[in-house]
1. Give the residues of the range 86-114 that are touching a His at 6+ places or on another chain (Cβ under 9 Å), assigned to a strand (DSSP E or B) and either crowded, with 23+ Cβ neighbours inside 10 Å or not small (Gly, Ala, Ser) (or both), sorted by residue number.
2. Of 160, 178, which residue is assigned to a loop (DSSP other than H, G, I, E, B), closer than 30 Å to residue 250 by Cα and charged (D, E, K, R)?
3. Restricting the search to the range 200-238, which residues are closer than 23 Å to residue 63 by Cα, hydrophobic (A, V, I, L, M, F, W, C) and either out of contact with any Gly (no Cβ under 7 Å at 6 or more places or on another chain) or part of a helix (DSSP H, G or I) (or both)?
4. Taking residue 184 as the residue in question, decide whether it is at pLDDT below 95, at negative phi, in a helix (DSSP H, G or I) and not hydroxyl-bearing (Ser, Thr, Tyr).
5. Return yes when residue 159 is of a type in the set (Asp, Glu), surrounded by 19 or more Cβ atoms within 10 Å (Cβ to Cβ) and at pLDDT 95 or above and no when it is not.
6. Which is of a type in the set (A, V, I, L, M, F, W, C), surrounded by 21 or more Cβ atoms within 10 Å (Cβ to Cβ) and under 24 Å from residue 141 (Cα atoms), of 240, 271, 229?
7. Considering only the range 115-154, state which residues are touching a Phe, Trp or Tyr at 6+ places or on another chain (Cβ under 8 Å), surrounded by 14 or more Cβ atoms within 10 Å (Cβ to Cβ), assigned to a strand (DSSP E or B) and modelled with pLDDT of 95 or more.
8. Could you check the range 1-38 and list, in sequence order, the residues that are at pLDDT below 95, in a loop (DSSP other than H, G, I, E, B) and among the aliphatic types (A, V, I, L, M)?
Amino acid sequence: MDLLVSKGHAVTVLDLWEKQVHGRRPRPYRNPGARYLVGDVRRLADVRRALGGVEVVFHLAAQVGVGQSMYEIDRYIDHNVRGTGRVWEAILALQKQKRPRRVVVASSMSIYGEGMYRCAACGPMSSGTDRPAGRLDAGLWEPVCPSCRKALTPLPTPEEKPLACASVYAVTKRDQEELCLALGRAYGLPTVALRFFNVYGPRQSLLNPYTGAMAIFLSQILNSRPPTVYEDGRQTRDFVSVRDIARCGAWLVESDRLDGQVANLGTGRAVSILEVARTLIRLCGARMEPEVLGAYRAGDIRHCSADIRRLKGAGFTPRVDLTTGMRELVAWARTSRAVDATRKAQGELARRHLVRGAEGR
């Protein structure tokens, strides 16, 4: 938003101001150069109000969080899938010459399930690497080759990998992506699906215990509690700065090189969750160690990082390195209100048997 405004674009923001994200008295950041509407993508009238004169639609609206999606099923489907349908109904209700010239939808790396792997004996593995509950209950975290049962090496995950959704959240993000691409093709409206990897950065909610690993860890550290890490903490993810998300969006306003396609938006670098937790502790100047739970959450994966060759081939390269991005996040977090609701969220997951495995080890 800030970047688009700085480049001279007229920006309209439609936002629900979700209490779980913004708190009971929402006071979200507002750029004075943008127009803001409080509304819901599930209400056709609200979307129609926001679409007037819009050339490019960035559909970012979604309920987020793997764990919560596994028990608030209808809510996630309602917001993420029905909301996407409403956005398109509003777009298609416009006269053809008044429709946007491009739609960009935020998809998610979660739709891959496990990332790509290589077996030294059998070669690359794009499927069959799911982790059975029996192995997880025994604390055997790493997937093994389905053929020879040997250890696997994680690889960057390309867009061609078959999708294997492991949570309700992932299913709804897949549906968002496929709805947008299918309707874009059918109506000749150029559409791009960006598969966001783990987004972090300033203005990320420090109130929502389902908002992402870095924000959750910071909410704990800033409340003098050690960050809690599932499994053994050696699972890896690809963390991409919100500044690179914004840069990519501004680039897509002008570029047609990804029209009709999906593209990973990450950095291509895998980092362990334990390393992230320890780095945030150090940057905050705290004296503690992460609490490694030795338990696992249903729907979690072990490794997934982005193969970004398609994105770079189209002309966009992420720039923000992880250390710089984490310093920016911590500097901003010191000026923000952090509420640690992690224990309550973990208790809810445990009560529903969605956290398993720590007992007896």
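1. Within the range 86-114, 103, 104, 105 meet the criteria.
2. Numbers: 178 fails: assigned to a loop (DSSP other than H, G, I, E, B).
Answer to the selection: 160.
3. Of everything in the range 200-238, those that are closer than 23 Å to residue 63 by Cα, hydrophobic (A, V, I, L, M, F, W, C) and either out of contact with any Gly (no Cβ under 7 Å at 6 or more places or on another chain) or part of a helix (DSSP H, G or I) (or both) turn out to be 206, 213, 214, 215, 216, 217, 218, 229.
4. Details: at pLDDT below 95: no; at negative phi: yes; in a helix (DSSP H, G or I): yes; not hydroxyl-bearing (Ser, Thr, Tyr): yes.
No, not satisfied.
5. Working: of a type in the set (Asp, Glu): yes; surrounded by 19 or more Cβ atoms within 10 Å (Cβ to Cβ): no; at pLDDT 95 or above: yes.
Judged against the criteria, residue 159 is not a match.
6. Values: 240 fails: under 24 Å from residue 141 (Cα atoms); 271 fails: surrounded by 21 or more Cβ atoms within 10 Å (Cβ to Cβ).
Just a single option satisfies the conditions, and that option is 229.
7. Scanning the range 115-154 gives 152, 154.
8. If the condition is that a residue be at pLDDT below 95, in a loop (DSSP other than H, G, I, E, B) and among the aliphatic types (A, V, I, L, M), then 1, 16 are the ones that fit.
The values are calculated or read from the model by the stated rules, or taken from the named source; none is laboratory data. Only a predicted model underlies this, so the values are computations on that prediction, with no experimental measurement involved. Here Cβ is always computed from backbone atoms with ideal geometry, including for glycine, and neighbour counts include all displayed protein chains.
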